[in-house]
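One structure is given here, and the rest of the page talks about it.
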Amino acid sequence: MADRTRVGVLISGRGSNMMALATAAREPDCPYEIVLVASDKPDAAGLDWARSHDLPTFALSPRGLGKPAYEAAIDSALRDAGVEVVALAGYMRLLSDTFVAAWRDRIVNIHPSLLPKYKGLDTHARAIAANDTVGGCSVHLVTEELDGGAVLGQAEVPIRPGDDADSLANRVLVAEHALYPKTLAAFVTR
Ligand code: GRF
């Protein structure tokens, strides 16, 4: 499979979006491959899944290192793996302006709201509190502004009477797992 875009995925937790990206990448016509799964949390559940699926992993806690040294190490791991595009998937750390500039227009993220609505945290609770009838998720380019880069793809999900943040999050997550691989594939072939 020649000329597939080499993607590095950054996770902090269970990594279900990373799993969706990696599962899609097993299809012969997928235009990207996952060449590294990296985490700031050495005990992230997603790392176990990646290892058991023979994906290269890198784990480093920033604790005691400081942000610049930590990010330099992540940057080196990505470059050593030949990564061309970085996909954030539940990565719970803000990237520095230096890191964003080094990977300008080559970092994407999935966010659980219909951006530009509800940047940041607690998106589902905020959508319910606002009496929205539709929620969803967005894949966007990462810039220096939190959740502020160009939107590459979105999926809408109904908000039902009686929904709480957890029930809505579960419904949106199903949509995330379909949206992210599709949007990343379109992005790398743009
Ligand atoms: C997802 O809801 C994603 O949109 C948000 O964090 C969550 C990560 O879930 N950025 P997972 O680790 O991919 O399962």
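In region 17-56, of all residues being crowded, with 19+ Cβ neighbours inside 10 Å and hydroxyl-bearing (Ser, Thr, Tyr), the one that is nearest to GLY82 (Cα to Cα) corresponds to TYR32. Scanning region 114-132 for residues that are among the charged types (D, E, K, R) and either buried (at least 21 other Cβ atoms within 10 Å of the Cβ) or more than 14 Å from ALA155 (Cα to Cα) (or both) yields LYS119, ASP122, ARG126, ASP132. Evaluated against (1) more than 23 Å from LEU184 (Cα to Cα); (2) touching a Gly at 6+ places or on another chain (Cβ under 9 Å), ASP147 falls short on exactly one condition, (1). The residues of region 71-113 that are within 12 Å of the ligand (Cβ to nearest atom) and open to solvent by 60 Å² or more (accessible area, probe 1.4 Å), listed by number, are MET92, ARG93.
Screening ALA81, ALA130 for residues that are over 16 Å from the mean Cα position of the chain (by Cα) and farther than 17 Å from ARG6 by Cα leaves exactly one candidate, ALA130.
Answer yes if at least one residue in region 162-177 is of a type in the set (Asp, Glu), open to solvent by 60 Å² or more (accessible area, probe 1.4 Å) and closer than 22 Å to LEU78 by Cα, and no otherwise. Looking through region 162-177, none of the residues is of a type in the set (Asp, Glu), open to solvent by 60 Å² or more (accessible area, probe 1.4 Å) and closer than 22 Å to LEU78 by Cα. All conditions in (1) in contact with a Cys (Cβ under 6 Å, 6 or more places away or on another chain); (2) open to solvent by less than 10 Å² (accessible area, probe 1.4 Å) hold for ALA155, with the sole exception of (2).
The values are calculated or read from the model by the stated rules, or taken from the named source; none is laboratory data. Keep in mind the model is a prediction, meaning the values are calculated, not measured. Positions of Cβ are backbone-derived with ideal geometry, glycine not excepted, and every protein chain shown enters the neighbour counts. For the accessible areas, the whole protein counts, side chains as well, though only heavy atoms, and no ligand, DNA or RNA atoms are used. Shrake-Rupley method; radii C 1.70, N 1.55, O 1.52, S 1.80 Å.
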